[in-house]
Amino acid sequence: MLAAEPAKPVKKEPAPKRGRPAKPAAEKAPAKRGRPAAKPASGTAKTAAGNGKKSRAARKTPVRIIPLGGLHEVGKNITVYECGQDAFLVDCGMGFPDADMLGVDLVIPDFTYLEKNADKIRGIVITHGHEDHIGSIPYLLRKINVPIYGTKLAIGLIEGKLKEHGLLGKADLRVITPKQTVKMGCMSVEFIRVNHSIPDSVGVAIHTPAGVIVYTGDFKVDFSPIEGDIIDLARFAELGSKGVLCLLSDSTNAERPGSTMSESKVGQSFNTLFNRAEGKRIIVATFSSNIHRIQQIADNAMKYGRKVAVSGRSMINVVGKAMELGYLKVPDGLFIDIDAINRYPADKIVLITTGSQGEPLSALSRMASSDHRKVSVTPNDFIIISATPIPGNEKHVTRVVNDLLKLGAEVIYEKMYEVHVSGHACQDELKLILSLTKPKFFIPVHGEYKHLVAHAHLAQSVGIPPSNILIGDIGQVIQVDNVEMKVIGNVEAGGVFVDGLGVGDVGSIVIRDRKRLAQDGLIIIVATIEKETGACMAGPDIVSRGFVYVRESEELMEEARLLVKKALNQCLDSGIRDWTTMKNSIKDALSSFIYRKTKRSPMILPIMMEI
């Protein structure tokens, strides 16, 4: 473990100019782009600020919180914390593409603001090893190389990711432990243990000149965790008793009442189901990063005398790293290579696989479509999908379940048994953290807009004034000091598409063209023009892809060809030799004709050659 960077002196803010006393925060107009729950309450600001010169003396150096992702979405978490000339990042995650982002592999944050302010950035703090918190690190390190701080498992997973990208040699990775503090210029970051669906998860307390800012990270309260200690509620309470300026808290399950079940409950369900699956091969699909779940599957496999194999690239990588670092505790010989599963009776095998969300290229999806090279699903398979579909993935999961059932397998999915629990806190746990930390200001994070609103209502229910709650948006600069919290501007932010090896070369125009090609297809017109006379020497020929099956629409295509020829001749007879004008004339004539005949609008691409 490397030593943290030495503290830098706090840069003093220039003294305010003399003149009229500053207005209390209550009298200032609320920021246009922010989404505070209500207008600022006059009492809070006046109590802290006083009036006249006392107001100025009471103000402390402000901190700027700039979310570049993770708001109004689940995923792509990254937030910048700035104070004076110092800044650092908390998390650097990726998002998965929506169904309408055709061909896009990943969505990463826009790093423009970070590149412009690279000299300020003192490091990156990682709360845990999920892809939505570490997935964009390789793309950022190509632009900015700063120290990365994380727990042992998170750093281990980052190492594997950087190795794939050929960046491990230049990375400065620093392992931290809960209760440790590292300096980030004029700020310092304290790591606090939390429970989540991956081991070694932490929240952070950011000690700044303006006060303490607490970010919970992804968390839940689990009093019987599979590995490690329970969430450090005592430290959250201690910070609250001393005064927390602002709390940023996980909003994923803010709509769900009660508390999230313990992960150990899933182990009890596995025991029941493994007993029921006597005589059959067991296949369990779950998230590759849920090491606690994998541990419980392995424990039950050992109890029932079964060997364990894993399928799926991410599952193999994570299981290997977890075993290497000691987070997955299994006896020698329990895990076998997937190539060896046919050497054992079916009722002596448990196969752990990816694909719990029905991803089209995942191992479980390939099994369901009989396209997996090493596993063929039969009526002798007992399949457990140990996950709840992420919103938007329901159709994919249903398709996979239907295909598995058609192959004769018995499938346990969704709420048939308690085979999945969330890694995120529900309402009672969220209110507990709010009550323990007693923050002056509150910003709900990590969730869609409806989740943020629900969390804001919970904050009000425990006594936080609506005026002190702000529902932000990515790219906003949220400034907070001991007097007020407000939006003071915006920076460039959003999503950048990764498609294959291309980063950012696919934008809205390309996606629009892909949608049009997917919906209505493509028509290509090819014609050859003699340079001297302007006569049409060959064509026009029409090629169709994804529009109609040409052999069954010969009459339509011939009419289209004659129409294009007529439009081309009219241009030539009029003395038009400008390629753009000729192409537009052809496209206008053909698109009207095609729409009139078919009510479709295929993309039309004229190609003119001159000889």
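The values are calculated or read from the model by the stated rules, or taken from the named source; none is laboratory data. Remember, predicted model here, so these are calculated numbers, not experimental data. A quick note on method: Cβ atoms are made from the backbone with ideal geometry, for glycine too, and the neighbour counts reach across all protein chains shown.
This table checks each residue for (1) acidic (Asp, Glu); (2) surrounded by 15 or more Cβ atoms within 10 Å (Cβ to Cβ); (3) more than 44 Å from the chain's Cα centre (by Cα).
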{"position": "Ala527", "(1), (2), (3)": "no, yes, yes"}
{"position": "Ser544", "(1), (2), (3)": "no, yes, no"}
{"position": "Ala560", "(1), (2), (3)": "no, yes, yes"}
{"position": "Asp578", "(1), (2), (3)": "yes, no, yes"}
{"position": "Tyr595", "(1), (2), (3)": "no, no, no"}
{"position": "Ser601", "(1), (2), (3)": "no, no, no"}
{"position": "Leu605", "(1), (2), (3)": "no, no, no"}
{"position": "Glu610", "(1), (2), (3)": "yes, no, yes"}
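Does Lys406 satisfy the criteria of being touching a residue at least 24 places away in the same chain (Cβ under 8 Å) and either over 28 Å from the mean Cα position of the chain (by Cα) or not assigned by TED's automatic domain parsing to the domain that holds Arg281 (or both)?
On the way: touching a residue at least 24 places away in the same chain (Cβ under 8 Å): no; either over 28 Å from the mean Cα position of the chain (by Cα) or not assigned by TED's automatic domain parsing to the domain that holds Arg281 (or both): yes.
Spelling it out, it is not the case that Lys406 is touching a residue at least 24 places away in the same chain (Cβ under 8 Å) and either over 28 Å from the mean Cα position of the chain (by Cα) or not assigned by TED's automatic domain parsing to the domain that holds Arg281 (or both).
All told, Val318 falls short of being in contact (Cβ under 8 Å) with a residue 24 or more places away in the chain and surrounded by fewer than 23 Cβ atoms within 10 Å (Cβ to Cβ).
Conditions tested, residue by residue: (1) within 25 Å of the chain's Cα centre (by Cα); (2) among the hydrophobic types (A, V, I, L, M, F, W, C); (3) modelled with pLDDT of 95 or more; (4) under 22 Å from Ser201 (Cβ atoms).
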{"site": "Pro389", "(1), (2), (3), (4)": "yes, no, no, no"}
{"site": "Glu394", "(1), (2), (3), (4)": "yes, no, no, no"}
{"site": "Lys440", "(1), (2), (3), (4)": "no, no, yes, no"}
{"site": "Val445", "(1), (2), (3), (4)": "yes, yes, yes, yes"}
{"site": "Leu458", "(1), (2), (3), (4)": "yes, yes, yes, yes"}
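Looking only at the stretch 409-423, decide whether some residue is part of a loop (DSSP other than H, G, I, E, B) and aromatic (Phe, Trp, Tyr). Yes: one or more hits. Of all the numbered requirements in (1) within 24 Å of Lys220 (Cα to Cα); (2) in contact with an Asp or Glu (Cβ under 9 Å, 6 or more places away or on another chain); (3) not assigned by TED's automatic domain parsing to the domain that holds His207, Gln427 misses one, and that requirement is (3).
When the residues of the stretch 406-436 are narrowed to those that are over 19 Å from Thr252 (Cα atoms) and touching a strand residue (DSSP E or B) at 6+ places or on another chain (Cβ under 6 Å), which ends up surrounded by the fewest Cβ atoms within 10 Å (Cβ to Cβ)? Here the answer is Glu410. Among the residues in the stretch 142-154, are any under 23 Å from Leu436 (Cα atoms) and modelled with pLDDT of 95 or more? There is no residue in the stretch 142-154 that is under 23 Å from Leu436 (Cα atoms) and modelled with pLDDT of 95 or more. Residues considered: Ile148, Ile198, Ile192, Ile155. Of these, the only one that is in contact with a helix residue (DSSP H, G or I) (Cβ under 8 Å, 6 or more places away or on another chain), without any contact (Cβ under 8 Å) to a residue 40 or more places away in the chain, crowded, with 21+ Cβ neighbours inside 10 Å and under 16 Å from His128 (Cα atoms) is Ile148.
Of all residues in the stretch 347-354, none are under 23 Å from Ala387 (Cα atoms), modelled with pLDDT of 90 or more, surrounded by fewer than 22 Cβ atoms within 10 Å (Cβ to Cβ) and charged (D, E, K, R).
Answer yes or no: is there a residue in the stretch 256-272 that is assigned to a strand (DSSP E or B), of a type in the set (Asp, Glu) and either free of Cβ contacts under 8 Å to residues at least 12 places away in the same chain or crowded, with 20+ Cβ neighbours inside 10 Å (or both). The answer is no; no qualifying residue exists. Checking every residue in the stretch 323-336 against the condition of being part of a strand (DSSP E or B) and modelled with pLDDT of 90 or more gives at least one match.
Of the residues making up the stretch 104-129, those that are surrounded by 24 or more Cβ atoms within 10 Å (Cβ to Cβ) and assigned to a loop (DSSP other than H, G, I, E, B) are Ile126, Thr127, His128, Gly129.
Restricted to the stretch 471-527, and to residues there that are modelled with pLDDT of 85 or more and among the acidic types (Asp, Glu), the residue that is farthest from Ser591 (Cα to Cα) is Asp481.
On the stretch given as the stretch 166-189, residues that are under 24 Å from Pro439 (Cβ atoms) and surrounded by fewer than 20 Cβ atoms within 10 Å (Cβ to Cβ) total 6. Flag not set for Ile511, criterion: in contact (Cβ under 8 Å) with a residue 40 or more places away in the chain, farther than 30 Å from Glu255 by Cα and not in a helix (DSSP H, G or I). A Cβ distance below 6 Å, combined with a sequence gap of six or more or placement on separate chains, defines the contacts here; from the stretch 538-556, residues that are in a helix (DSSP H, G or I) reach residues that are not hydrophobic (A, V, I, L, M, F, W, C) in the pairs Val550/Ser544. When the stretch 371-393 is filtered for residues that are among the hydroxyl-bearing types (Ser, Thr, Tyr) and buried (at least 17 other Cβ atoms within 10 Å of the Cβ), the ones remaining, listed by number, are Ser386, Thr388.
Taking Thr208, is it among the hydroxyl-bearing types (Ser, Thr, Tyr), buried (at least 22 other Cβ atoms within 10 Å of the Cβ) and at pLDDT 95 or above? Yes, satisfied.
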